[in-house]
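Contents: one structure, followed by commentary.
No lab work stands behind these numbers, since they all come straight from the coordinates. Everything numeric in this text was worked out from a predicted model, so none of it was measured. Because the Cβ atoms are built from the backbone with ideal geometry, glycine has one as well, and the counts that use them run over all protein chains shown.
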Amino acid sequence: MLLIDDDAVTNFVNRKLLEKIDAVEKVQIANNGKIALQLLEQQSQSDAIPDLILLDINMPVMGGVEFMTAFQELELEQKESIKVVILTTSNHPRDLQCFADLPVAGFLNKPLTTQKITSLLEQHFPS
């Protein structure tokens, strides 16, 4: 799993939650979309590509919409199997509409909870 969020506290809390409930094998963190793209490109030659990305919308350097636009251009064999879910505090239709034509698998409102992550994993990774 890859968490893309510029808030260090949010990343810390989400990582601890995911580790506590043993939801994923490995949690990686990127503080913005640009770092996340670099990480994905570096890992493209290995089996370390995450199956799930939780993506914040508003971040400095490269936000969620810009990340998703660039993500579509990445040359990754595994790209089709990666689920990207927007994890945000915003439920404003204008913010969510920005992703209408982008390949996102869903939206979650912060904070991340055990119930939200469990439902998400059951929906997208039933096995």
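Annotations for the structure displayed:
- Gyration tensor (Cα) of the range 67-108, equivalent ellipsoid semi-axes in angstrom: 21, 11, 7
- In plain terms, the chain is cut at each of the GluC sites (Glu not before Pro) found in a DSSP loop with at most 16 other Cβ atoms within 10 Å, and the longest leftover piece is 78-127.
- Electrostatic dipole magnitude of the chain [Cβ: Lys, Arg +1; Asp, Glu -1; Cα centre; debye, to 20]: 460
- Normalised by residue number, the volume inside the convex hull of the Cα atoms of the range 35-86 is 70 Å³ per residue.
- The chain pair-distance distribution - Cα-Cα, 10 Å bins, rounded %: 13, 49, 35, 3
- Extension reserve of the Ala105-Glu66 stretch, reckoned as 0.36 nm per residue once the Cα distance is removed: 12.4 nm
- Cα-based radius of gyration of the range 1-54 once divided by 2.2 N^0.38 Å, which approximates compact folds: 1.10
- A simple charge model with +1 on the Cβ of Lys and Arg, -1 on the Cβ of Asp and Glu and nothing else charged puts the dipole of the range 1-56 at about 120 debye relative to its Cα centre.
- For the pair Glu19 and Gln42, the difference between a 0.36 nm per residue extended length and the Cα-Cα distance amounts to 5.9 nm.
- Proximal lysine pairs, the range 2-113, alpha carbons under 23 Å, eight or more residues apart or interchain: 13
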